[in-house]
Amino acid sequence: MSELAGPRQKFGKYRGEIRFWLVTAAVVLVTTTAVAQPFSIPSGSMEPTLLVGDRIAANKFVYGYSKFSSPIGLMPEFKGRLWEGTPERGDIAVFRLPGDPSVNFVKRVIGLPGDRIQMRDGELHINGAVVPRRAVGRFTTQLGEQGTRYVEELPNGRTHEIIKTVARHELDDTREFVVPANSYFMLGDNRDNSADSRVPVELGGVGFVPAENLVGRVNRVLFSLSPFDGWVSAFAHLGELRISRLLHAVE
């Protein structure tokens, strides 16, 4: 008469397979979070480049690793960065907010260490020279604000679009900021609706962003939903998927 296998025997039979899939899942999780990490865009501060509802991937490897970008928090806390890469002017970067490192922000790298940055009459100045820009049309933000779309050309030749939604804004004129060593000056592409380095940390702004706060560089939108929702809704609400932004490259 044959024996019937009990629960323990059945578990033992599949234990090796279960272990294999658990180890595989762990390796995939660590590998993917080491190389790139997904984030969502909840505000319009980077319009017209990034829209509310965009899901982006931040390339972590390109800037190296700090305590803020280690794979799923596996690395112990340490100062500085490992395999440090230097951001270029014009990069779109995800970083931890200096005043509250639990919060992720995304802005454009405008000022490098030693640079002098100032806004005058709504125009960006870097090291005493105005950054040239040309109007290319109109833009309606996701909040319904009408603005002018410009293309700015940074000193290294990189170009990107920005928008101005009002003629005069409180941050159109600032003092001259000198970017400290190992820090960066960040601006939003939506210049009149962005919390960025124009306001110091002590006044509730972003201030200068230390190099160790960098998480990764954004090069592409994975997908985008309108209205904003999560990953699961990408499949549950395919009608709200912005097809034109699927794997959309950003500059």
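The values are calculated or read from the model by the stated rules, or taken from the named source; none is laboratory data. These numbers were taken from a predicted model, which means no experiment stands behind them. Glycine gets a Cβ as well: all are built from the backbone with ideal geometry, and neighbour counts include every protein chain shown.
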Legend entry - residue 166 being touching a strand residue (DSSP E or B) at 6+ places or on another chain (Cβ under 9 Å) and part of a loop (DSSP other than H, G, I, E, B): yes
Legend entry - Candidate set: segment 234-251, residues that are surrounded by 14 or more Cβ atoms within 10 Å (Cβ to Cβ) and at pLDDT 55 or above; chosen: the one nearest to residue 158 (Cα to Cα): 250
